[in-house]
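Only one structure is covered here, and it is reproduced in the block below.
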Amino acid sequence: MLFNSIQFFIFFPIVTALYFWLPQRFRWILLLVASCYFYMAFIPVYVLILLFTILIDYYAGILIEQSTGTRRKLYLVMSLVANIGVLAVFKYYNFFIDNINVLLGISGQEHLSYWKLILPIGLSFHTFQAMSYTIEVYRGNFQAERHLGYYALYVMYYPQLVAGPIERPQNVLYQFKEEHKFDYDRAVDGLKMMAYGLFKKVVIADNLAAYVDYYYGHLGTQSYNSIIAMVFFSIQIYCDFSGYSDMALGASKVMGIELMKNFNYPYFSHSITEFWRKWHMSLSTWFRDYLYIPLGGNRRHKHLNVFIVFMTSGLWHGANWTFVIWGAIHGTFQILEDVFNRKQNRGILALVLTNVVVALAWVFFRAPDVSTAMHVIGNAVNPHFDIHNPLVSKKIILITTLFMAWEYIISRTGFLPILNALRPIPRYGMYYLIVIAILFLGRFGSGQFIYFQF
């Protein structure tokens with residue numbers, strides 16, 4: 001079920017109303033059933049994959065806590081192998097076979113066959129969330145959950161099930177057990193977050209996608225400029241993904257369950273290092289805590305560890321060499337910033353250069369293959385600009401510009417006098433405009449969120 005669908009805007013108020021109507025002891029059942037229904041709206045049978053890993057990790061957590069020595073580690077490995085194994089089969093099997101076939105083709109042997117598998121929605125997200133549970137239990141940071149229903153809800157919780165944020169058990173499991181009474185101000189804040197996220201998705205991201213998708217599908221058409229496509233996709237993917245996160249956090253907040261913030265105005269960073277402290281923060285901290293630090297962190301082989309993390313992050317995003325290159329670009333520039341001590345540069349030039357690198361890297365993220373990505377970058381030297389193409393109206397370009405300017409203002413504490421000056425404006429004035437923009441400029445039925453494919 002998509003957040004930008006009619007089905008969700010029927011589903012959400014019904015589930016939320018029932019949540020506050022039911023006694024606390026039954027609410028976990030409602031949320032678990034609703035989450036299963038939400039997930040099964042995509043490919044129903046794939047809910048069995050989640051149930052399989054849920055059962056393994058639930059019992060693994062208990063066994064880890066009850067055991068000592070090598071048996072404890074064995075149960076952790078069992079859990080990790082099960083989760084990574086499911087991910088490997090559905091997401092990476094054909095990628096491995098494709099690369100093996102290239103080698104076999106060189107040697108003249110018969111090729112291996114592919115599996116016709118559809119990637120389960122959000123598989124990488126709930127796999128990492130499940131892995132964080134058993135790792136935290138193993139480290140002694142969290143007591144194993146004895147209630148199977150609450151643990152299943154931790155993995156299945158519908159607001160962040162398919163695209164994060166990737167939560168830790170100590171952050172959310174206890175909240176499912178607390179009684180949350182309806183709070184008007186909290187509900188309004190949550191609905192405002194949802195409206196802002198929907199605005200990002202259907203007004204900005206999906207309208208810019210019209211140009212980006214056409215450009216990547218018609219690379220030989222000179223009237224479509226690659227620089228514009230690169231800028232548009234940078235904004236598109238930010239508004240698409242952060243829009244989902246805003247809606248997830250908002251929907252959860254209405255019920256009184258707080259999820260971690262996932263974005264902090266990343267495009268106003270002055271280095272790649274700073275960018276990754278502000279972009280997809282739940283994933284960045286996951287890799288920091290569960291891969292970078294165990295590898296040695298800053299203590300030994302620091303730059304190698306950074307590169308391994310970003311290469312792994314690239315593969316996490318997709319089974320394609322384009323994602324590996326995307327990760328390698330970010331890892332390389334983060335290492336260079338550390339070597340030349342450029343992380344503390346706060347000037348406008350540093351901001352611009354950071355965004356240029358990010359936009360170039362996004363080309364590999366968006367392109368279906370490496371040759372297409374190189375074609376797009378090669379076209380960037382084309383001086384022809386056609387911002388008046390009918391695929392994106394002047395209204396959308398103006399709204400996007402105003403949106404980015406507004407995000408820049410609220411990301412800078414130096415602009416507090418401007419924000420304070422705007423306070424006399426009616427409390428909900430901006431959100432009336434957002435709703436109007438959604439109704440009259442939003443593109444609905446444009447497909448799922450970009451990060452659902454991961």
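The values are calculated or read from the model by the stated rules, or taken from the named source; none is laboratory data. The model shown is predicted, which means the values in this text are computed figures rather than measured ones. All Cβ positions, even for glycine, are placed from backbone atoms using ideal geometry, and neighbour counts span all protein chains on display. Ligands, DNA and RNA are stripped out before the accessible areas are found, and what is left, the full protein with its side chains, is counted by its heavy atoms. Shrake-Rupley method; radii C 1.70, N 1.55, O 1.52, S 1.80 Å.
The table below lists the values:
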quantity: Residue in the range 58-72 that is modelled with pLDDT of 90 or more and under 30 Å from L2 (Cα atoms) present; calculated: yes
quantity: 2 or more residues among the aliphatic types (A, V, I, L, M) and farther than 19 Å from M193 by Cβ: qualifying helices (runs of 4 or more DSSP H) within the range 206-298; calculated: 206-217, 226-254
quantity: Condition check for L391: closer than 22 Å to I228 by Cβ, modelled with pLDDT under 75 and of a type in the set (A, V, I, L, M, F, W, C); calculated: yes
quantity: Some residue of the range 287-304 being in contact (Cβ under 8 Å) with a residue 12 or more places away in the chain, within 24 Å of I97 (Cα to Cα) and touching a helix residue (DSSP H, G or I) at 6+ places or on another chain (Cβ under 6 Å); calculated: no
quantity: Hits in the range 176-190 - residues which are touching a residue at least 24 places away in the same chain (Cβ under 8 Å), closer than 16 Å to L249 by Cβ and surrounded by fewer than 16 Cβ atoms within 10 Å (Cβ to Cβ); calculated: D183, D189
quantity: Some residue of the range 146-159 being touching a residue at least 60 places away in the same chain (Cβ under 8 Å), surrounded by 18 or more Cβ atoms within 10 Å (Cβ to Cβ) and under 21 Å from W279 (Cα atoms); calculated: yes
quantity: Residue match in the range 332-350 (condition: under 24 Å from the mean Cα position of the chain (by Cα), open to solvent by less than 60 Å² (accessible area, probe 1.4 Å) and closer than 20 Å to A88 by Cβ); calculated: no
quantity: Options M255, M247; residue that is aliphatic (A, V, I, L, M), under 16 Å from the mean Cα position of the chain (by Cα), within 16 Å of D189 (Cα to Cα) and open to solvent by less than 10 Å² (accessible area, probe 1.4 Å); calculated: M247
quantity: Candidate set: the range 311-325, residues that are assigned to a helix (DSSP H, G or I) and polar (S, T, N, Q); chosen: the one surrounded by the fewest Cβ atoms within 10 Å (Cβ to Cβ); calculated: T312
quantity: Residue in the range 91-101 that is under 27 Å from the mean Cα position of the chain (by Cα), closer than 21 Å to W286 by Cβ and of a type in the set (D, E, K, R) present; calculated: yes
quantity: Considering residues of the range 160-175 that are of a type outside the set (V, I, T) and in a helix (DSSP H, G or I) only, the residue most open to solvent (accessible area, probe 1.4 Å); calculated: Y174
quantity: Single unsatisfied condition, A209 versus (1) surrounded by 22 or more Cβ atoms within 10 Å (Cβ to Cβ); (2) under 30 Å from L291 (Cα atoms); calculated: (2)
quantity: Qualifying residue in the range 228-236 (condition: in contact (Cβ under 8 Å) with a residue 60 or more places away in the chain and either surrounded by fewer than 17 Cβ atoms within 10 Å (Cβ to Cβ) or of a type in the set (D, E, K, R) (or both)); calculated: no
quantity: Answer residue from the range 2-12, given it is under 18 Å from L161 (Cα atoms) and assigned to a helix (DSSP H, G or I) and is least open to solvent (accessible area, probe 1.4 Å) among those; calculated: F8
quantity: V203 being assigned to a helix (DSSP H, G or I), within 29 Å of F128 (Cα to Cα), touching a residue at least 40 places away in the same chain (Cβ under 8 Å) and of a type in the set (A, V, I, L, M); calculated: no
quantity: Subset of the range 356-388 that is polar (S, T, N, Q) and surrounded by fewer than 17 Cβ atoms within 10 Å (Cβ to Cβ) - its residue that is modelled with the lowest pLDDT; calculated: N382
quantity: Residue within the range 290-308 that is closer than 23 Å to I410 by Cα, of a type in the set (A, V, I, L, M, F, W, C) and open to solvent by 10 Å² or more (accessible area, probe 1.4 Å) present; calculated: no
